[in-house]
């Protein structure tokens, strides 16, 4: 039995639970990490990423948790509102344009990409996220909080809107000058296209 056929059977057997079984999931971690190492890590040190993170980290340095909660609440309200000043300010910046280009270059492999700062706040993104603060989520805690060179591959799930298998991968972003983590990137990876 070919490897593709075996994977297809494993994926099909897991659909009833909404997530793919552990064996199929483990089989996808290595290819996702390999893709990140080859295609993503090289652009994480691009000045477009590093400069945007440094600027946002300086800007958000004095924010308290109540400030962050207020911004997150504003973002969530704007998702369905006609006016979106906070969302538009992030989607309209140069880092978001950079991430949209990287998503397009992936030819469907990357379904979304967003960069967060050292507090877990969105800095740039290819698509609108449901919230502004990612700091309370595993994707940020298991990448940025772990430190430089951390890679976290989340569970594979079936995306109901696209009917594809996807996994989020989060990678800490480090300052090339200091080697310290200054943010993180999270990407949706289309496992079917991998």
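What follows is calculated from the coordinates using simple rules that are stated; it is not laboratory data. Keep in mind that this is a model prediction, so the values were computed, not measured. Glycine also receives a Cβ, built like all others from the backbone with ideal geometry; neighbour counts cover every protein chain displayed.
For the options 122, 93, 57, a Gaussian network treatment of the chain with springs between C-alpha atoms closer than 10 Å singles out 93 as fluctuating the most. All Cα-Cα distances of the chain, cut into 5 Å bins from zero to the largest, leave 1, 8, 16, 19, 19, 15, 10, 7, 3, 1, 0, 0 percent in each bin in turn.
Within the listed set 180, 59, 158, the residue fluctuating most in the Gaussian network model of the chain (springs between alpha-carbon atoms under 10 angstrom) is 59. For the options 78, 38, 112, a Gaussian network treatment of the chain with springs between C-alpha atoms closer than 10 Å singles out 38 as fluctuating the most. Between helix 22-35 and the chain there is an angle of about 60 degrees, using the helix long axis and the longest principal axis of the Cα atoms. Gain on full extension, evaluated as 0.36 nm per residue between residue 155 and residue 51 minus their Cα-Cα distance, stands at 34.4 nm. Per-residue Cβ neighbour counts within 10 Å put 114, 144 in the sequence 114, 144, beginning with the fewest.
Between the helical axis of 3-14 and the longest alpha-carbon principal axis of the chain there is an angle of about 70 degrees. Working from label points 7 Å from Cα in the Cα-to-Cβ sense, the residue 127 to residue 194 distance is 1.7 nm.
Between residue 105 and residue 79, the simple label model (points 7 Å from Cα in the Cβ direction) yields a spacing of 2.9 nm. Taking 0.36 nm per residue of separation and subtracting the Cα-Cα distance, full extension of the segment from residue 145 to residue 43 would add 34.7 nm.
Listed by Cβ neighbour count within 10 Å, with the fewest neighbours leading, 119, 107 appear as 107, 119. Mean separation of Cα pairs under 8 Å and 6 or more residues apart, divided by the residue count, gives segment 31-190 a relative contact order of 22 percent. Here the gap between residue 138 and residue 62, fully extended at 0.36 nm per residue and compared with their Cα-Cα distance, gives a gain of 25.0 nm. Computed over the chain, the per-residue total of -39500 (n - 2.57) for DSSP H runs of n ≥ 4 gives a 222 nm mean residue ellipticity of -12500 deg cm²/dmol, rounded to 500. With respect to the chain, whose longest principal axis is taken over its alpha-carbon atoms, helix 65-79 is tilted by about 60°. Where the centroid of each part is defined by its Cα atoms, how far is segment 72-93 from segment 135-194 in Å? Going from one Cα centre to the other spans 22 Å.
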